[in-house]
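Each value in this text was obtained by applying a stated rule to the coordinates, not by laboratory testing. Nothing here was measured: the structure is a model prediction, and the numbers come from that model. Counting neighbours? That spans all protein chains shown, and the Cβs are built from the backbone with ideal geometry, glycine included.
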Amino acid sequence: MIVCNASPLIALANLDRLDLLDHLFNEWCVPESVASECTVDQKPFAARLRTALPGHVLAVSALEPVRSLRMLLDQGEAEVIALAEEKSIPRVLMDDRKGRRVASARGLNVIGTVGLLLRAKSGGLIPSVKSPLETLGAAGIRVSGPLQAEALRIAGEQ
């Protein structure tokens, strides 16, 4: 089980590979604020996400951790971390550097879109990491040069 933030969901929708979540994690969920953020009509791939998210949206019951985390993070990241802690879900899917640091400091295992793509390749679910990274870059979804180079090195695609 993994709790997902908006940017990886948007990236996977862009790649038309939201199915990777099912293949890699069996179960996944998003907090309500992330679902709302991803499905606003102006957002890329909102329609695709509106179709994929039903059955995966969970509410955060304890609002105090969200309020506390909001001092450092945006609403979606705060709810991802709070939901993971509340439901004892050890993993989160998050790309934002600050959110990743906070989640890690709170004992959560963090994976990002690039890490997910690496897992998908090593599991035989995608043939390469380079092609999806290029697609994301062309769509304006930025992956830093050093991270991209490291991912290609790990994937054996330099």
message: If you fit an axis through the alpha-carbon atoms of helix 75-86 and take the longest principal axis of the Cα set of the chain, what angle between them do you get, 0 to 90°, nearest 10?
response: 80
message: Only Cα pairs within less than 10 Å get springs; with that Gaussian network setup on the chain, which residue of T113, T51, T135 has the largest fluctuation?
response: T51
query: What list of ³J(HN,Hα) couplings, whole Hz, do you get for region 27-37 from phi and the Karplus terms 6.51, -1.76, 1.60, once you set θ to phi - 60° and write x for glycine and proline?
result: 10, 8, 8, 9, x, 4, 5, 5, 4, 5, 4
- prompt: For the chain, taking Cα atoms only, what is the radius of gyration to one decimal and the Dmax to the nearest whole Å?
  reply: 15.0, 46
message: Can you give me the long-range amide H partners of W28? Hydrogens built in the peptide plane at 1.01 Å from N, cutoff under 5 Å, separation of 5 or more residues or another chain.
response: I2
statement: The local net charge around I126, scoring Lys/Arg +1 and Asp/Glu -1 for residues other than I126 whose Cβ lies under 12 Å from its Cβ, equals +1
- line: Diffing region 107-116: the Karplus 3J(HN,Hα) column from phi (6.51, -1.76, 1.60, θ = phi - 60°), in whole Hz with x for Gly and Pro, holds x, 8, 7, 10, 10, x, 4, 5, x, 5
- prompt: What list of ³J(HN,Hα) values in whole Hz, one per residue of region 137-152 in order, does the Karplus curve 6.51 cos²θ - 1.76 cosθ + 1.60 (θ = phi - 60°) give from phi, with Gly and Pro shown as x?
  reply: x, 5, 8, x, 8, 7, 10, 4, x, x, 5, 4, 4, 5, 4, 5
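For the residues C4, C38, C29, what sequence is obtained by ranking on other C-beta atoms within 10 Å, fewest first?
Least crowded to most crowded, the residues run C29, C38, C4.
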Binned Cα-Cα distance frequencies in region 115-155 - 5 Å width, integer %: 6, 26, 35, 24, 10, 1
- prompt: Per-residue ellipticity at 222 nm for the chain, helices alone: DSSP H runs ≥ 4 residues times -39500 (n - 2.57), over residue total, nearest 500 deg cm²/dmol?
  reply: -15500 deg cm²/dmol
query: Of Q148, Q75, Q42, which has the largest mean-square fluctuation in a 10 Å C-alpha GNM of the chain?
result: Q42
